[in-house]
Amino acid sequence: MLQKYALEMKNIDKEYFGNKVLKGVDLKVKPGEIHALLGENGAGKSTLMNILFGMPVIHSTGGFSGEVSMDGKKIEIKSPDEAMEKGIGMVHQEFMLVPGFTIAENIKLNREVLKYNPISNAFKKDSLRFLDYKKMNKDARKALDTLGIDIDEWVKVAGLPVGYMQFVEIAREIDKSNVKVLVFDEPTAVLTESEAKTLIKAMKKLAQSGIAILFITHRLDEVMDAADNITILRDGELVATRKKEETNVLEIAELMVGRKVEVTNKAKKEEQESQETIISIKNLNVDMPGEEVKGINLDIKKGEILGIGGLAGQGKIGIANGLMGLYKTTGDIEFKGEKLKLNDTRSVLNKGLAFVSEDRKGVGLLLDSSIQQNIVITAMQIKESFLKKYGIFSQLDKKGIVNHAVSMIKKLDIRCTGPLQATRRLSGGNQQKVCIARALTLEPEVLLVSEPTRGIDIGAKKLVLDLLVQLNDELGMTVVITSSELAELRSISDRIAIIAEGKVEGILKPDASDADFGLMMAGEYNKLRGKEAI
Amino acid sequence: MTESIKTITKKVGLPRLIISSFFVFLIIASIGLGLPLDRTLTNIIRRFGMFGVLVLAMVPAIQCGIGPNFALPLGIICGILGEIISIEFGFVGFTAFIVAILISIPFATIIGVGYGNLLNKIKGSEMLVAAYAALSVVYFMCIMWVTLPFKHPQMIWPIGKGLRVTIALEAFFGYVLNDFADFSIAGVHIPTGLLMFFLLCCFVVWLYTRSKTGMAMKAAGDNPKFALASGINVDRSRIIGTTLSTILGAVGIIVYHQSYGYIQLYDAPQYMGFATVAAVLIGGATARKAKISHVLLGVLLFQGLLAVALPVANEVVKGSNLAEVLRMVIQNGIILYALTQVVGGE
């Protein structure tokens, strides 16, 4: 007998500008099932959900191929409105609530229950009807009860604990009478452990009422707790679909990360175990919005390439930004045995650290200035190079600047029309090289590079990575590379620190097993391995 | 042919092209109406030198990231203070002019630093705050002009209290720059000293933008986040830029007054800011980018336009106030146009 699925997505293909992000992905969810969707950042989860919701970004980039059906009937979803009509609901990661409204008002927002009154009757206009608060509160109560939440529906949302806001969001979705499929996009990311437990209980309760639930998360233990089935995506491909009973956390972790690591690895240096520590970080806290660092301890060895990996939002980006003093930072950092002044970019640059920002266009470049100006300006400000001095006055040394820029352009193979070209006109890879050239002009001892290959094409990626290895090899420069792409970290790093929830989850060799990497990225490594140890 | 027109249009910018053609059209019209060309040209050149330094004050302001300095009247008032103190001390001629500048600079520095600090607290709404800062200071000084204890008989009202609304400079330092090494060609008067002084100021500012501090200031204005990551003190750069702009405003008004022949007090400085902003914008600057070349072209077009448009308009519609209306329409129209170009454009 043919099993009827609440939602079935078949053979979904999607490409963005020739870049395939989904390749033949299938997803089947039965009514009353909790189905977990797993994958690293960039695995294609959000794209898949965007397709499901008919987001404009999909249609404005050429649509997708494949089939979506609900209850066995093929459907076409062209807009989020249509998705809603068809009974697909979404619980957002960021709360979309009006703080000044009551819970009931929020739940009923834009779907208010209305009643007739003398004025609307007199003018025979539906738009003059009043809100039926009694009915609205009753509906809201019902939705909250379904979730098993004991909170009054007339309370204002402003000031509610985060966990409750999440429940209000969910209540709003299930109050829509026709909801058949409900998507939870990392619902537990902002919740405390006990709140997350309540949420999962509520999810199970919802599933029992016949709603199909798609559960997107990074927390593997929650998956094992809640899900019936698990689908894992990697690099836009469907890797595996597993029944919960037939798998375990280890296997899932492995499946999420696993990829044949192309060991384009540099000629391995002989193991130098007891190297000198060049930067010692103790209890580092960085207040970078979205990438908070919460107490990191890390030693960076002289002459190594240290990779810093982890999922987005876990704090890996915050480390380099904190070291450079770009966001409010506390903790102890020692550089070559000397205390590093925190929150003082100038002194850090002076000490011999240089930074290539992850935000190339926002922080890394003066887009309307020439390549040569971009390359020399930091060195000019910090080391007073490329300046001619006349007493207290200074003038820039045009000849020196041009010569240096031309040699950098040659050395790093920056494709441009000349040193005077504005950096805005360069391709992503060449812009990145300008950023690196600027950092190198400082002649740093330690080079911090964040997301060096984000948004640049494959050929340029390899060039940039090779360049980092070359700098490390030839000049003995210590390189700290932060990247979301684990494969790239594993191909060039000596050691890789994985950051989870603002802390160092562990440090691995690039050839460590996929499972270990997967567990660490999910923040489960110490929990699991710790248990085994006992 | 169309290709080359397109590239020219792109390089010069459509607004400048239209305004330039209008300018040329007006000059031709003025000849047609029988207005003497030599007088017109004399007027254009004089106004060019007269307004130049004031417009130049916009460059450091825009480059350091505070946008067009609508609060130029702050600098102007410092300049006026310098002038009347210099006169009060009894200086005359070139000395009076130099002393006026020397006295005004410390005032402008203090005011500029203070105002720069204020602007650092309200990043993002500089232009709005600037306009109000200018208004309030201008009117505060209206009280001061009455109460400050100046005694020079040619500056105060013969009866009653306070300084006069306009102070004639004939006896002090009027036209000292204009008449320095001046000459005439075919009836066109060339105020050599005035032009030289303006170009000298441009050169100094140009040198400054190529110094270490100048480069830091430009980077801070261009991309504050970049500047921060390069160890540049963005707030300090903004204060320097604001101060420089205020000082140039002070020097600029002294140059302006000596060429005009009168000091104008009370609410006269109020609209100066708008005229200078309009001039630099007409020259091709935006609220985020400005170069010396924008100043040169902008002053020529804006002031030249006014110099020709006023007599032409008066000739066409006799006995009306059309010229003044036209000036306001052009000036505010340009500002409005330029400000709409700020948002959205990368």
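Some notes on this structure:
- Each stretch of four or more DSSP H residues adds -39500 (n - 2.57); spread over every residue of chain A, this sum gives -10500 deg cm²/dmol at 222 nm.
- In this label model, A:S194 and B:N117 are separated by 4.9 nm, measuring between points 7 Å along each Cα→Cβ vector.
- DSSP bridge pairs, the protein assembly as shown: antiparallel proportion in percent, nearest 5: 60 percent
- A cut-off under 14 angstrom between Cβ atoms defines the neighbours of A:S60, and their net charge, with Lys, Arg +1 and Asp, Glu -1, is +1.
- Of the complete DSSP H runs in chain A, those spanning 15 angstrom or more by Cα along the long axis with a mean Kyte-Doolittle score not below -1.0 are A:162-175, A:193-208, A:371-383, A:398-411, A:428-441, A:458-475.
- Shielding of peptide A:348-354 by partners, expressed as the average count of other chain Cβ atoms within 10 Å per residue Cβ, is 1.
- Volume of the convex hull of chain A (Cα atoms only), normalised per residue: 207 Å³.
- The residue among A:S483, A:T417, A:N472 whose Cα reaches farthest toward the positive pole of the charge dipole of chain A, with charges on the beta-carbon of Lys, Arg, Asp and Glu, is A:T417.
- Chains A and B, summed buried accessible surface - 1.4 Å probe, Å², nearest 100: 2100 Å²
- Averaged over B:212-222, number of beta-carbon atoms from partner chains that fall within 10 Å: 4
- If the chain linking A:K399 and A:K336 were pulled fully straight, counting 0.36 nm for each residue of separation and taking away their Cα-Cα distance, it would gain 19.2 nm.
- Contact order for chain B, expressed relative to its length and based on alpha carbon pairs under 8 Å spaced 6+ residues apart, stands at 31 percent.
- Rounded to the nearest 20, the Cβ-based charge dipole of the protein assembly as shown about its Cα centre (Lys and Arg +1, Asp and Glu -1) stands at 1860 debye.
- Three principal axis lengths of chain B [C-alpha, angstrom, descending]: 61, 55, 36
- Amide N of the range A:343-368 lying under 19 Å from the label point, which is placed 7 angstrom from the Cα of B:N233 along Cα→Cβ: A:343-351
- Charge dipole (the range A:361-443, unit charges on Cβ, about Cα centre) - positive-most of A:A379, A:G391, A:Q432: A:Q432
- For the residues of A:321-330, the average number of beta carbons from a partner chain within 10 Å of their own beta carbon is 1.
- Near A:M288, once Lys and Arg are set to +1 and Asp and Glu to -1 for all other residues with Cβ below 15 Å from its Cβ, the sum equals -2.
- Checking the cross-link pairs A:K14/A:K462; A:K4/A:K30; A:K302/A:K351; A:K336/A:K433; A:K74/A:K204 against a 18 Å limit on the alpha carbon distance flags A:K14/A:K462; A:K336/A:K433; A:K74/A:K204 as lying beyond it.
- Mean Cβ count within 10 Å, highest first, over the residues of peptides B:308-318, A:304-314, A:43-53, B:150-160: A:304-314, A:43-53, B:308-318, B:150-160
- Range of Cα positions in the range A:361-443 per principal axis (Å), largest first: 41, 25, 23
- Ordering A:M224, B:T192, A:L311 by the projection of their Cα atoms onto the charge dipole of the protein assembly as shown, which places +1 on the Cβ of Lys and Arg and -1 on the Cβ of Asp and Glu, puts B:T192 at the extreme positive end.
- When A:I300, B:I45, A:I507 are compared by accessible surface with a 1.4 Å probe, the order from highest to lowest is A:I507, B:I45, A:I300.
- Taking the helices alone, chain B has a mean residue ellipticity at 222 nm of -23500 deg cm²/dmol, built from -39,500 (n - 2.57) per DSSP H run of at least 4 residues and averaged over all its residues.
The values are calculated or read from the model by the stated rules, or taken from the named source; none is laboratory data. Source: prediction; values computed, not measured. Ideal geometry is used to build each Cβ from the backbone, glycine not excepted, and the neighbour counts take in all protein chains shown. Only protein heavy atoms, including side chains, enter the accessible area calculation; ligands, DNA and RNA are left aside. Shrake-Rupley method; radii C 1.70, N 1.55, O 1.52, S 1.80 Å.
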